[in-house]
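Just below is one structure, and these are the notes that go with it.
The values are calculated or read from the model by the stated rules, or taken from the named source; none is laboratory data. What you are looking at is a predicted structure, and each value in this text was computed from that prediction instead of being measured. So basically every Cβ, Gly included, is an ideal-geometry build from the backbone, and we count neighbours across all protein chains shown.
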Amino acid sequence: MTKIVVRPITDADIPGAATALVEVHATDGYPVEGVEKPEAWVRPTGIMGAWVAEREGKIVGHVAVMQPHDEGAVSLWREKSGEAVERIGVLARLFVVREARQYGTGERLMRAAMGYAQESSLRLVLDVMTKDAAAIRLYERLGWQHIGEVTHHFGAGQQIPAVCYVWPAD
């Protein structure tokens, strides 16, 4: 039986998480930006909490809850709900290497982030690119609610459609 451990990230995990990120980018094209500096992408400013999934000593997944910026899903949710920006967290930087997906790793990472949000009295929102169908299926299966669409801008004038969700926990 393969055991996946989900736990808060440590500084020692950053290189392994960066390696996993590069692997996910090669197989899935996620993320669309940031892989040229994967350690910085895994550990940007504005992190409220972050977790890794580990399998047999190897980092195989990651998720973070980020401070909100009034754009994308944050803006859509604030318009719909009137929620104060201080009560919102952004679920971000979720990735799992292909070999670890069959063990419910993505769901376990999501549940760690959702548990943190619940303990911190935060409403979670997220943007996901429409091309990332497996992630969309996971969010919907976990009860996240669709709140609208945005365009994600990146790189030198590039853009890609994205869907926005809110986690409806009280």
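Please find, among A112, A133, A84, A156, the residue that is of a type outside the set (S, T, N, Q) and closer than 23 Å to R55 by Cα.
A112
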Residues (among the aromatic types (F, W, Y) and either under 17 Å from D132 (Cα atoms) or at pLDDT 95 or above (or both)) located in the range 82-116
F95, Y116
Within the range 72-89, count every residue that is farther than 13 Å from I147 by Cβ and either small (G, A, S) or touching a residue at least 24 places away in the same chain (Cβ under 8 Å) (or both).
4
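Table: residues versus (1) out of contact with any Lys or Arg (no Cβ under 7 Å at 6 or more places or on another chain); (2) within 21 Å of R87 (Cβ to Cβ); (3) buried (at least 17 other Cβ atoms within 10 Å of the Cβ).
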{"residue": "D132", "(1), (2), (3)": "yes, no, yes"}
{"residue": "I136", "(1), (2), (3)": "yes, no, yes"}
{"residue": "Y139", "(1), (2), (3)": "yes, yes, yes"}
{"residue": "G143", "(1), (2), (3)": "yes, yes, no"}
{"residue": "F154", "(1), (2), (3)": "yes, no, no"}
{"residue": "Q158", "(1), (2), (3)": "yes, no, no"}
{"residue": "C164", "(1), (2), (3)": "yes, yes, yes"}
Taking the condition under 14 Å from the mean Cα position of the chain (by Cα), surrounded by fewer than 19 Cβ atoms within 10 Å (Cβ to Cβ) and under 19 Å from A17 (Cβ atoms), does E39 pass?
no
Where a residue in the range 98-112 is exposed (fewer than 15 other Cβ atoms within 10 Å of the Cβ) and its partner, wherever it lies, is among the polar types (S, T, N, Q), with Cβ under 6 Å and at least six apart
R98/T27
From the options A17, A64, A50, residue that is modelled with pLDDT of 95 or more, more than 17 Å from Y116 (Cβ to Cβ), in contact with a strand residue (DSSP E or B) (Cβ under 6 Å, 6 or more places away or on another chain) and outside any loop (DSSP other than H, G, I, E, B):
A17
